1. Being part of a helix (DSSP H, G or I), open to solvent by 80 Å² or more (accessible area, probe 1.4 Å) and not polar (S, T, N, Q) is the filter; apply it to the stretch 77-100 and report the residue that is nearest to residue 126 (Cα to Cα).
2. Show the residue pairs meeting these rules: Cβ distance below 9 Å; 6+ apart or different chains; first residue within the stretch 72-85 and in contact (Cβ under 8 Å) with a residue 40 or more places away in the chain; second residue in a helix (DSSP H, G or I) and of a type in the set (D, E, K, R).
3. Please state which of the following conditions residue 141 fails to meet, knowing it meets all the rest: (1) in a helix (DSSP H, G or I); (2) open to solvent by 80 Å² or more (accessible area, probe 1.4 Å); (3) at pLDDT below 95.
4. Identify all residues within the stretch 43-64 that are part of a loop (DSSP other than H, G, I, E, B) and surrounded by 13 or more Cβ atoms within 10 Å (Cβ to Cβ); write none if there are none.
5. Please give the number of the condition residue 31 fails out of (1) closer than 27 Å to residue 138 by Cβ; (2) open to solvent by less than 50 Å² (accessible area, probe 1.4 Å); (3) of a type outside the set (A, V, I, L, M, F, W, C).
6. May I ask you to list the residues in the stretch 52-95 that are touching a helix residue (DSSP H, G or I) at 6+ places or on another chain (Cβ under 6 Å) and closer than 30 Å to residue 107 by Cβ?
7. Out of 67, 74, 103, 40, which single residue is modelled with pLDDT of 90 or more, open to solvent by 70 Å² or more (accessible area, probe 1.4 Å) and farther than 22 Å from residue 139 by Cβ?
Amino acid sequence: MQKLLLLAVIILTAINCKSQEVIVYQPEAKPITIIQNKNKSLYYQNNIHLSINQMLGITVNNQEAYKYIIKAKKLNITANVFASIGGFCLGYGLGNLIFGMEKITWILFGTCIGFIGFTIPFVTTAGKNVNKGVSIYNNTLEEIEKPVIGMELGMTSNGIGFVLTF
């Protein structure tokens, strides 16, 4: 008798727990808009400015777009390293010139300009990769199918009944 009572309690508890499932609402993905300025492109989603790291989080479910955004981030980091080296050398040489410690050499000045100029292809390629990743992301948003609404016989909070799934 005790085994039967214990079995009934377990079954009723399982039914009650099954009927209290929480469905997490995932908002519909919105497209990323590109606004071209004179010097650079700005990326917005829902009127919020996006950085490359935020775009990585948005495109993580779309592997093809994610690949282009990762490539753009790596190129951007490389460009920042070379631009920082060139900026430091240029600042060091101009600081010495202003404070009269040393005369600036043309070799140092040419090296600085070379490092800064070396970043231009990296930055333009990174921008093209971001634009390509965003366009792929936006194109695949249009292809995603809407979920199918269905009705199943299952457990509800009031017992057995029809459950609408969507």
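1. Of all residues in the stretch 77-100, those part of a helix (DSSP H, G or I) come to 77-98.
Subset that is open to solvent by 80 Å² or more (accessible area, probe 1.4 Å): 77, 80, 88, 92, 97-98.
Next, only the ones that are not polar (S, T, N, Q) stay: 77, 88, 92, 97-98.
On the way: 77: 10, 88: 23, 92: 28, 97: 35, 98: 36 Å.
Across the stretch 77-100, the extreme among qualifying residues is 77.
2. 72/128; 72/132
3. (2)
4. Here is the first cut: in the stretch 43-64, the residues part of a loop (DSSP other than H, G, I, E, B) are 46-47, 50-51, 62.
If the condition is that a residue be part of a loop (DSSP other than H, G, I, E, B) and surrounded by 13 or more Cβ atoms within 10 Å (Cβ to Cβ), then 50, 62 are the ones that fit.
5. (2)
6. If the condition is that a residue be touching a helix residue (DSSP H, G or I) at 6+ places or on another chain (Cβ under 6 Å) and closer than 30 Å to residue 107 by Cβ, then 75, 76, 78, 79, 82, 83, 85, 86, 89, 90, 93 are the ones that fit.
7. 74
The values are calculated or read from the model by the stated rules, or taken from the named source; none is laboratory data. The model shown is predicted, which means the values in this text are computed figures rather than measured ones. As a convention, Cβ positions derive from the backbone with ideal geometry for all residues, glycine included, and neighbour counts pool all protein chains shown. The protein model used for the area step is the full one, side chains on, heavy atoms only, and it has no ligands, DNA or RNA in it. Shrake-Rupley method; radii C 1.70, N 1.55, O 1.52, S 1.80 Å.
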